[in-house]
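Written below as structure tokens is the structure these notes are about.
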Amino acid sequence: MKKFSNFIICLLLCVFAFGLVGCAKDKSNGFAPKTEEAVIGNGGMVVRKGEYVYFANGFQKVSELTEDKRNSSFVKGGLYVAKLESDEFVRNDDNYLVSNNLRQISTKLAGYDATDLYVFGDYLYFVSPSNENESGKIGKSDWAKDRSVFYRVKLDNFDKVERIYTANVKHENLSFKYYFEGNKPYLLVYEKGEDLNGKGNKNMLYRVDIEAKKKKDKKASVVASNVSSVVFGYDGDDNAYDRIFYVVNKDSTYSLVRYNIASNTKTDTGIKNSSTEVEVKFVSQNYVFATRKDGSNTYMYRAEIGGAFVKMFDCNSEIVGSLHLLPNGEDLISVRDNVIQFYLRGDNRVGLNAIVDNDSENEVTSINVIGFANGSIVYYDNNNKLKIVSYSEFLAGRTATISTLATIEFNKDFLDINGGDLYYCTGDKSGYLFKIDLTNNYSSKGELVGVYLDADKPKDEE
């Protein structure tokens with residue numbers, strides 16, 4: 001009898017212990033990466049941590065949403081995670097992702113105008129359009145869908161969605177970055193133009209302390225007002241710099257300021273109370289670039305972080321088009337019409353070496369840079385061709401060959417380079433997310449990422 005009693009006690013203890021484990025079980029259904037695993041692609045349409053890829057399952061413009069959809073559960077634009085195996089998406093015989101390796105994290109609309117995904121620590125950060133009625137200039141009866149609401153969700157508990165901040169301007173006037181400094185997450189938000197609350201705030205830069213305790217939104221503080229331009233310090237591996245720069249335009253004078261988000265401190269840069277227009281353009285680990293007007297001309301300047309600015313070149317020159325900073329953080333390229341021009345070694349222009357796109361099939365009149373990957377420039381032309389060309393080969397003195405990745409219909413507002421892959425949203429009515437491997441020269445549509453709605457699945461003849 002005593003042995004039986006001991007058995008019952010042991011059994012009860014085991015059940016109790018199991019209950020404790022059950023209460024603390026992983027609510028991501030086994031879809032949680034380890035905390036220490038590396039993150040790739042912060043700030044884009046797709047972000048990866050370890051063997052898990054987080055993405056919005058399709059994209060659409062908020063302006064296309066109607067009032068009756070404001071509380072909808074979105075499948076096409078919802079937030080998903082896929083588990084990779086051997087670095088590949090797992091597919092069935094119909095070439096769709098298998099359901100065992102796919103989970104929906106949130107039915108909120110994540111694929112829209114302000115989509116940017118981040119992973120820091122054990123949280124995924126995302127934004128979604130507001131689905132609330134608000135007072136103020138929007139009107140009490142109108143849906144405030146033009147505002148973005150910032151959220152984060154626990155990677156091991158998809159039920160735990162936490163509200164962080166609500167923007168005060170429309171999506172098109174919003175810029176933001178997340179930072180993880182001193183083991184604390186911060187959100188830096190630039191809201192261009194006058195806010196929608198009717199309080200007169202204009203061109204505001206906010207710092208949101210995500211861990212601060214507050215009932216509705218996290219504690220947001222004003223960094224600066226009257227901000228005319230800002231660059232968020234980030235490197236090619238998605239690590240946040242403490243090198244954030246912004247320009248204050250007050251009383252018709254311009255001052256360039258360096259900002260550290262963790263310490264919430266500001267530093268003068270040497271450009272202060274300029275009577276001519278100043279715009280900050282790029283920042284890297286070692287340099288900051290800014291333009292400054294001189295008479296009718298605008299010149300590019302470069303300074304080492306903490307150093308003096310040196311004039312580089314005239315931005316009004318006939319050869320200067322859209323400017324981009326190469327991942328090395330020192331060299332600029334200028335893209336105009338069908339030509340890519342190089343400004344080498346910062347202060348000196350070395351021959352303005354050029355890559356010219358002379359497509360043999362169609363006349364190329366424009367080159368639109370998407371980004372950089374594996375030492376190459378990825379771009380699309382006016383003929384809806386996605387292309388890639390090696391700038392590292394070119395800089396090394398070798399011939400740079402332009403390769404066509406695909407000729408497809410795609411949405412030019414939703415393009416993202418993540419590691420060695422290009423993600424894009426289809427430009428047709430379906431609006432789903434696809435991936436093209438940049439290490440191979442595909443001439444096809446690429447592969448679907450996510451899940452189709454049954455009504456949108458291509459027919460056999462397609």
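Of the residues making up the stretch 242-297, those that are part of a strand (DSSP E or B), of a type in the set (Lys, Arg) and within 29 Å of residue 180 (Cα to Cα) are 258, 266, 281.
Quick check, is residue 124 among the hydrophobic types (A, V, I, L, M, F, W, C), closer than 16 Å to residue 178 by Cα and modelled with pLDDT of 85 or more? Considered against the rule, which asks whether it is among the hydrophobic types (A, V, I, L, M, F, W, C), closer than 16 Å to residue 178 by Cα and modelled with pLDDT of 85 or more, residue 124 comes out as yes. The residues in the stretch 234-248 that are of a type outside the set (Val, Ile, Thr) and either at pLDDT 95 or above or buried (at least 21 other Cβ atoms within 10 Å of the Cβ) (or both) can be counted, and the count is 4. Does at least one position in the stretch 401-408 carry a residue that is small (Gly, Ala, Ser) and under 22 Å from residue 44 (Cα atoms)? Checked the stretch 401-408: at least one residue is small (Gly, Ala, Ser) and under 22 Å from residue 44 (Cα atoms).
Scanning the stretch 77-85 for residues that are at pLDDT 90 or above and more than 24 Å from residue 162 (Cβ to Cβ) turns up at least one hit.
How about the stretch 195-216: which of its residues are farther than 19 Å from residue 127 by Cβ, surrounded by fewer than 21 Cβ atoms within 10 Å (Cβ to Cβ) and in contact (Cβ under 8 Å) with a residue 12 or more places away in the chain? Answer for the stretch 195-216, where residues must be farther than 19 Å from residue 127 by Cβ, surrounded by fewer than 21 Cβ atoms within 10 Å (Cβ to Cβ) and in contact (Cβ under 8 Å) with a residue 12 or more places away in the chain: 198, 201, 202.
Evaluating residue 140 against the criteria (1) within 22 Å of the chain's Cα centre (by Cα); (2) part of a loop (DSSP other than H, G, I, E, B); (3) modelled with pLDDT under 85 leaves one unmet condition, (1). Take the residues of the stretch 89-131 that are part of a loop (DSSP other than H, G, I, E, B), hydrophobic (A, V, I, L, M, F, W, C) and touching a residue at least 60 places away in the same chain (Cβ under 8 Å): which is nearest to residue 184 (Cα to Cα)? Only one residue fits best here, namely 114. Among the residues here, residue 59 qualifies as under 18 Å from residue 452 (Cβ atoms), assigned to a loop (DSSP other than H, G, I, E, B), at pLDDT below 85 and touching an Asp or Glu at 6+ places or on another chain (Cβ under 9 Å).
Within the stretch 356-372, the set of residues being closer than 22 Å to residue 422 by Cα and either at pLDDT below 90 or part of a loop (DSSP other than H, G, I, E, B) (or both) comprises 357, 359, 364, 366. On the stretch given as the stretch 354-384, residues that are surrounded by 17 or more Cβ atoms within 10 Å (Cβ to Cβ), over 21 Å from residue 413 (Cβ atoms) and either among the β-branched types (Val, Ile, Thr) or touching a His at 6+ places or on another chain (Cβ under 8 Å) (or both) total 2. Taken over the stretch 358-384, the criterion of being over 28 Å from the mean Cα position of the chain (by Cα) and within 14 Å of residue 342 (Cα to Cα) is satisfied by no residue. Is the stretch 66-76 home to any residue that is at pLDDT 70 or above and touching a strand residue (DSSP E or B) at 6+ places or on another chain (Cβ under 8 Å)? Scanning the stretch 66-76 turns up at least one residue that is at pLDDT 70 or above and touching a strand residue (DSSP E or B) at 6+ places or on another chain (Cβ under 8 Å). Candidates in the stretch 385-410 are the residues that are surrounded by fewer than 17 Cβ atoms within 10 Å (Cβ to Cβ), touching a residue at least 24 places away in the same chain (Cβ under 8 Å) and under 25 Å from the mean Cα position of the chain (by Cα); of these, the one that is farthest from residue 440 (Cα to Cα) is 409.
The values are calculated or read from the model by the stated rules, or taken from the named source; none is laboratory data. Just so you know, these numbers come straight off a predicted model, no measurement behind them. Note: ideal-geometry Cβ built from the backbone for every residue, glycine included; neighbour counts use all protein chains shown.
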